[in-house]
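The values are calculated or read from the model by the stated rules, or taken from the named source; none is laboratory data. Here the structure is a predicted model, which means the values were calculated and not measured. Cβ: placed from backbone, ideal geometry, glycine included. Neighbour counts: every protein chain shown. Remember, those area values only see protein heavy atoms, side chains included, never the ligands or the DNA or RNA. Shrake-Rupley method; radii C 1.70, N 1.55, O 1.52, S 1.80 Å.
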Amino acid sequence: MDYYRIAFYAFGAVTVLAALVAVWSRNLIHAGMGLLLSLFGVAGLYALAGADFLAVVQILVYVGGIVILLLFGIMLTQRITGRAPRTGVTNRLVGALAALAVLGVLLAALLRAGFAELPWIAQAGQINEQTLPPAGSTVERLGRLLVGEYLLLFEVAALVLTIALIGAAYMARRSRDEGARPRRMT
Amino acid sequence: MTSAAAYLNGYLLIAALLFSLGLFAVLTRRNAIAVLIGVELMLNAANLNLVAFAQFDPYRLGGQVAALLVIVLAVCEAALALAIVLNLYDRLQTVNVDEVESLRL
C-alpha cells in the first residue's frame, strides 16, 4: 500500500501543479501544455481509483483529442505570427475572490461531511476486506452496463455526439468561399 | 482497495482545487480558448469526484458510467465551442470574450 500512497501523491501533485500552470500562464501554448499534463495526472488518479478503462479513455479522448483541438484553435485564431499567443486578463480580483470562495465552501463541506464514515462507503470497505474485491479490469463490467442497464443513456450520448459533430463541422467551415454558405446565418 | 476510504478525502481535495482553478480561469481569462481550458478543468474535477465515489460501488459502477457520459459531452462541448470560436474569429477578428457583445453578427 505504500506504493499506492507514493503514486497517489505524485499524480495528485502533477495534476494540481499542472493545472496551476494552465491557469496562471498567459501564454496560450503553455496553458495548453499545462492542461495536457494535468489531464495526464487525472488519468493516473483514475487508474489508482480502479477505473482502468476510464484512465485509457481519458488519455485517448482528452489528451489525444480535446487538447489537440484546443491547440488547433489557438493556431487558427492568432493573427500575428512570430509572437507568442497570449491571453488578456480581466476581473482578476473578482475572479480570485470567487474562486477562493468556492474553494472555501467546498473544503468546509468536505471537512464537515465526513464522507469516509458514510455507511455505504464504510460498508463497502468492509465487504472488500472480507470477500474478494472485484479484481481485474472494469472493461467487461462497464461494457455490460452500457448495453444493459444504461442502454438508453448510451444511445442518447451517441445521438448527441453525432449531432454535435455534424453541427461543429457545419459551423467551422470557412466563409472564404462565399457561395457555399450565406454570409449571415439568419 | 482496503484503504480506499482513507484516500477519498484526498481525491475530493484534488477535485476541489481543480474546480476552483478552472473557475478562476473561466472568470479571468479574456481569450475564449483559455476560458475553454478552465471549463475542461472544471469538468475533470467533477469526473474525479464521480470516479472516487465509484470505488465503493464496484459492481454497479454507476459513477464510472456517469464519468464516461461526461467525457462524451465534454467532447461535444469542445468541438462546438471551437467551431464557434473559429466563426467568431472569421467575422470579428477577435476571440476575446469581453469584446463580443452581440448575438447576431
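Against the conditions (1) more than 8 Å from chain B (Cβ to nearest Cβ); (2) out of contact with any Lys or Arg (no Cβ under 7 Å at 6 or more places or on another chain), where does A:L35 fall short? Just the number, please. Answer for A:L35: the failing condition is (1).
Of the residues in the stretch A:19-35, how many are buried (at least 21 other Cβ atoms within 10 Å of the Cβ) and within 15 Å of the chain's Cα centre (by Cα)? Looking only at that region, the number is 7. Applying the criterion of being modelled with pLDDT of 90 or more and more than 7 Å from every other protein chain (Cβ to nearest Cβ) to the residues of the stretch B:48-67, the residue that is farthest from A:L54 (Cα to Cα) is B:N49.
Which of the residues belonging to the stretch B:1-57 are polar (S, T, N, Q) and under 26 Å from A:P85 (Cβ atoms)? Once the filter is applied, which keeps residues that are polar (S, T, N, Q) and under 26 Å from A:P85 (Cβ atoms), the stretch B:1-57 yields B:S20, B:T28, B:N31, B:N44.
Suppose the filter is facing chain A (nearest Cβ under 7 Å) and open to solvent by 10 Å² or more (accessible area, probe 1.4 Å); does B:N87 pass it? Answer is yes for this residue.
Here A:G12 fulfils each of the conditions (1) touching a strand residue (DSSP E or B) at 6+ places or on another chain (Cβ under 7 Å); (2) open to solvent by less than 80 Å² (accessible area, probe 1.4 Å) apart from (1). Considering the conditions (1) over 19 Å from A:L48 (Cβ atoms); (2) in contact (Cβ under 8 Å) with a residue 12 or more places away in the chain, B:A34 is excluded by exactly one of them, (2). Whether a residue is farther than 30 Å from A:A116 by Cβ, in contact with a strand residue (DSSP E or B) (Cβ under 7 Å, 6 or more places away or on another chain), in contact (Cβ under 8 Å) with a residue 24 or more places away in the chain and hydrophobic (A, V, I, L, M, F, W, C) was assessed, and B:V95 passes this test. Taking the criterion of being surrounded by 12 or more Cβ atoms within 10 Å (Cβ to Cβ) and farther than 11 Å from B:F24 by Cβ, the residues of the stretch A:102-111 that qualify are A:G104, A:V105, A:L106, A:L107, A:A109, A:L110. Of the residues making up the stretch A:36-74, not one is in contact with an Asp or Glu (Cβ under 8 Å, 6 or more places away or on another chain) and surrounded by fewer than 19 Cβ atoms within 10 Å (Cβ to Cβ). Taken together, the criteria place B:E101 among residues that are of a type in the set (D, E, K, R) and more than 7 Å from every other protein chain (Cβ to nearest Cβ). Within the stretch B:17-48, how many residues turn out to be surrounded by fewer than 22 Cβ atoms within 10 Å (Cβ to Cβ), over 12 Å from the mean Cα position of the chain (by Cα) and farther than 21 Å from B:I84 by Cα? The qualifying residues number 1.
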